[in-house]
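**Student:** Take a look at this one; I'll ask things after.
We did not get these values from a lab; they are worked out from the coordinates using the rules stated. Every value quoted in this text rests on a predicted model; they were computed, and no experiment measured them. So basically every Cβ, Gly included, is an ideal-geometry build from the backbone, and we count neighbours across all protein chains shown.
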Amino acid sequence: MNEYDSELVRSILKKENYEFVTDELAADIVMLNTCAIREHAHRKVYGRVHSIRHARGKGSPVMIGLLGCMATNLRQDLLEDRSLKIDFIAGPDSYKRLPQLIHEAADEGQKSYDVTLSEFETYSDIFPSAEDRVNPLTTSRVNAWVAVMRGCNNFCTFCVVPYTRGRERSRAPENVIDEVRRLAGEGFKQITLLGQNVNSYRYEDHDFAYLMDEVSKVEGIERIRFTSPHPKDFPDRFLDLMAVNPKICKHIHLPLQAGNDRVLDLMNRTYTKQEFLNLVDKVRAKVPNVALSTDIIVGFPTETDAEFEDTLDVVSKAQFDSAFTFKYSERQGTIASKKYPDDVPDSVKSQRLTSLNKAQKEITYQKNRAHIGQIQTVLLEPYPDSKNPDIMPGRTDGGKLVLLPAGRYQGGDMVKARITDATPHALKGQALP
Ligand code: SAM
Ligand code: SF4
């Protein structure tokens, strides 16, 4: 989402004739788009601001702006922290005010900020162009992100998103389709629909299944993905559509968070262990060969060893293809930070993370090995592997990384390949003649 938001920011500022440079040392203004989801991301921003100031030295002043979630959460601290020297701050709903904020900071010498959260802002009038779309260090037209909804109403007790990004709001389907058509016209092959709870998308009578179906009708788009969904919003209608629509990739990210009912309840996740496992069964029954990935947090306050075993049990039963795993990180302002002291020692969180990762790694490896011998359609990534130019990476429909020998094809090609080998991290393959 931050990558997409940075594209919005580029688009907004380019209209005001700002020029984008890739070399931080040559810039007059550096903007960091921040994430507040975990302490680690947060600390990185402080480190980056200091290293930019240090690299530029006294003789080469630079303005620094902070964008995104951390900006919302910490505006006061940031503006008052003299050692940080932030010039301006814009929260996720304030990017259209950036030209004004920069003007105030640059010309009037004020510390300027706007972190107001909006109930309506969806940036539906900003369509980043292909040049805004991509990381300026590359020039790819393979995947484009499109945010279809913003914000979150779920208030999982550990999560800062509802406070930093505000309430849920969705873009009109026609408006999303318009953007997708332009992207197809610019040569993009894959669209990834984005939202904090993307499958809670709703605009008047239209739900997420309707939106996906409409996006899939856009000529030129070959693959559609979506992230991040919540397990509570997977109606049969959506799964049935996914099963029959060849453009909708057969990959669902299904964030589990924890496997124990008491912990899930404390987290306010709205499902039990058994309900989650039933959903996994239903998804697999309706969408054969679907790849499932997940997010898991270990060491939520008061989680016992026995309760953590329930997480391992779900992992073993659900057989996810891959998992993003995190140690619980207390975030200021969340319900958990007010009600439940962060009482699981870091050493215990680390042990749980290690055993969880070990279990998942073996499952991922076996899942990957099961592809050996299959023919898969691979959408090639923009460029050969940065460390090994003889390797061309790509993704299967299920989102698995496939490494092919570089050769007759180029980024964005859809290639049929036979899978010849597998590691826990990737598949290896040979393109068919
Ligand atoms: N909306 C998605 C859902 O319902 O699960 C999750 C989106 S959240 C922005 C991305 C992931 O970050 C979460 O699934 C969760 O595993 C992790 N996360 C969020 N808050 C966290 C916290 N306080 N500590 C550790 N991990 C956290
Ligand atoms: Fe955070 Fe996702 Fe829960 Fe929303 S649904 S509060 S984004 S974890």
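**Student:** About the Cα centre of the chain, how large is the charge dipole given +1 on each Lys and Arg Cβ and -1 on each Asp and Glu Cβ? Please answer in debye to the nearest 20. Display every interim value, and only then the final one.
**Tutor:** On the way: 58 positive and 61 negative charges, 206 e Å.
Rounded to the nearest 20 debye, it is 980 debye.
**Student:** In percent, what relative contact order does the range 108-188 have, based on Cα pairs under 8 Å that are 6 or more apart in sequence? Please list the in-between numbers first.
**Tutor:** Working: 74 pairs, mean separation 29.0, N = 81.
For the range 108-188, the relative contact order is 36 percent.
**Student:** Among Ala285, Ile248, Gln274, which residue has its Cα furthest toward the positive end of the charge dipole of the range 233-297, with +1 on Lys/Arg Cβ and -1 on Asp/Glu Cβ?
**Tutor:** Checked the options; the winner is Ile248.
**Student:** Please give me, ordered by residue number, the trypsin sites (Lys or Arg not before Pro) of the range 196-305 that lie in loop per DSSP and have at most 15 other Cβ atoms within 10 Å.
**Tutor:** Details: sites: Arg202, Lys217, Arg223, Arg225, Lys232, Arg237, Lys247, Lys250, Arg262, Arg269, Lys273, Lys282, Arg284, Lys286; in loops: Lys217, Lys247, Lys250, Arg269.
In loop regions of the range 196-305 (DSSP not H, G, I, E or B), the sparsely surrounded trypsin sites (Lys or Arg not before Pro) are Lys217.
**Student:** Now for a different question. I'd like the distance separating the alpha-carbon centroids of the range 372-414 and the range 1-49, in whole Å.
**Tutor:** One Cα centre to the other: 29 Å.
**Student:** Taking neighbour Cβ counts within 10 Å as the exposure measure, how do Val161, Val298 sort from fewest upward?
**Tutor:** Going from sparsest to densest Cβ surroundings: Val161, Val298.
**Student:** In addition: Give, in whole angstrom and from largest to smallest, the semi-axes √(5λ) of the equivalent ellipsoid of the chain, with λ running over the eigenvalues of the Cα gyration tensor. Show your work: numbers first, answer last.
**Tutor:** Numbers: eigenvalues 232, 165, 101 Å².
One finds semi-axes of 34, 29, 22 Å for the chain.
**Student:** So how far, in whole Å, is the C-alpha centre of the range 278-296 from the one of the range 329-352?
**Tutor:** So the two Cα centres are separated by 29 Å.
**Student:** Another question, then. List the aspartates and glutamates whose Cα sits under 15 Å from the Cα of Lys339, skipping any in the same chain fewer than 8 residues away.
**Tutor:** Correct list for Lys339: Asp265, Glu303, Glu330.
**Student:** For the chain, what does -39500 (n - 2.57) per DSSP helix run (n ≥ 4), summed and divided by total residues, give at 222 nm, in deg cm²/dmol to the nearest 500? Walk me through the numbers before you get to the answer.
**Tutor:** Values: 15 runs with 157 residues, N = 433.
One gets -11000 deg cm²/dmol as the mean residue ellipticity at 222 nm.
**Student:** Shifting gears a bit: Using the beta-carbon distance between Glu275 and Asn2 and R0 = 22 Å, what value does 1/(1 + (r/R0)^6) give for FRET efficiency, to the nearest 0.05? Before the final figure, lay out the partial values.
**Tutor:** Values: r = 31 Å, r/R0 = 1.42.
With a Förster radius of 22 Å, E is 0.10.
**Student:** Something else about it: What does the charge add up to near Lys317, with Lys and Arg as +1, Asp and Glu as -1, over the other residues with Cβ less than 10 Å from its Cβ? Provide the component values of the computation, followed by the final result.
**Tutor:** Working: positive: Lys273; negative: Asp281, Asp313.
With Lys, Arg at +1 and Asp, Glu at -1, the net is -1.
**Student:** May I ask which of Lys189/Lys232; Lys15/Lys189; Lys44/Lys111; Lys217/Lys247; Lys317/Lys358 have a Cα-Cα span longer than 19 Å here? List each step's numbers first, then the result.
**Tutor:** Details: Lys189/Lys232 29 Å; Lys15/Lys189 26 Å; Lys44/Lys111 22 Å; Lys217/Lys247 9 Å; Lys317/Lys358 15 Å.
Flagged as over cut-off: Lys189/Lys232; Lys15/Lys189; Lys44/Lys111.
**Student:** While we're on this one: Take His40, His371, His206 and order them by how many other Cβ atoms sit within 10 Å, fewest up front. Mind showing how you got there, number by number?
**Tutor:** On the way: His40 11, His371 21, His206 16.
The most exposed by this proxy come first: His40, His206, His371.
**Student:** Further, regarding this structure: I need Ile102, Ile335 ordered by Cβ neighbour count within 10 Å, fewest first. Write out the running numbers ahead of the final one.
**Tutor:** Details: Ile102 22, Ile335 17.
Fewest-to-most Cβ neighbours within 10 Å comes out as Ile335, Ile102.
**Student:** Using amide H atoms built in the peptide plane, which far-off residues or other-chain residues are under 5 Å from Ala323 H to H?
**Tutor:** Here Thr294 satisfy the definition.
**Student:** Okay, moving on. Along the Cα-to-C-beta direction of Asn357, a point sits 7 Å from the Cα; which residues of the range 311-334 have their amide N less than 11 Å from that point?
**Tutor:** Hits in the range 311-334 for Asn357 at 11 Å: 325-327.
**Student:** Could you list the trypsin sites (Lys or Arg not before Pro) in the range 5-66 that lie in coil according to DSSP, counting only those with at most 15 other Cβ atoms within 10 Å of their Cβ? Before the final figure, lay out each step's value.
**Tutor:** Details: sites: Arg10, Lys14, Lys15, Arg38, Arg43, Lys44, Arg48, Arg53, Arg56, Lys58; in loops: Arg38, Lys58.
Taking the range 5-66 and a limit of 15 other Cβ atoms within 10 Å, the loop trypsin sites (Lys or Arg not before Pro) found are Lys58.
**Student:** Name the long-range amide H neighbours of Ala406: under 5 Å, sequence gap of 5 or more, or other chain; modelled H, no Pro or chain starts.
**Tutor:** Amide H to amide H, under 5 Å and 5 or more residues apart or across chains, Ala406 pairs with Ile391, Met392.
**Student:** Apply 1/(1 + (r/R0)^6) to the Cβ-Cβ distance of Ser337 and Asp178, taking R0 = 45 Å, and write down the FRET efficiency to the nearest 0.05.
**Tutor:** Working: r = 41 Å, r/R0 = 0.90.
With R0 = 45 Å, the Cβ-Cβ based efficiency is 0.65.
**Student:** Quick one: work out Rg over Rh on the C-alpha atoms of the range 241-362, Rh as Kirkwood radius. Display every interim value, and only then the final one.
**Tutor:** Values: Rg = 15.3 Å, Rh = 15.2 Å.
The Rg/Rh ratio comes out at 1.01.
**Student:** My understanding is that a pair violates if its Cα-Cα distance is over 18 Å; which of Lys282/Lys416; Lys250/Lys286; Lys250/Lys327; Lys14/Lys58 do that in this structure?
**Tutor:** Working: Lys282/Lys416 29 Å; Lys250/Lys286 11 Å; Lys250/Lys327 28 Å; Lys14/Lys58 28 Å.
Checking Cα-Cα distances, Lys282/Lys416; Lys250/Lys327; Lys14/Lys58 exceed 18 Å.
**Student:** Relative to the present Cα-Cα distance, how much length would full extension add between Lys232 and Leu25 at 0.36 nm per residue of separation? Write down the numbers at each step before the final one.
**Tutor:** Numbers: separation 207, 0.36 × 207 = 74.52 nm, distance 4.60 nm.
Working it through step by step, the gained length comes to 69.9 nm.
**Student:** Let me ask another. For the range 329-342, in order, what is each residue's ³J(HN,Hα) by Karplus, 6.51 cos²θ - 1.76 cosθ + 1.60 with θ = phi - 60°, in whole Hz (x at glycine and Pro)?
**Tutor:** Computed from phi, the couplings for the range 329-342 are 10, 5, 10, 3, x, 6, 4, 4, 5, 8, 9, 10, x, 6 Hz.
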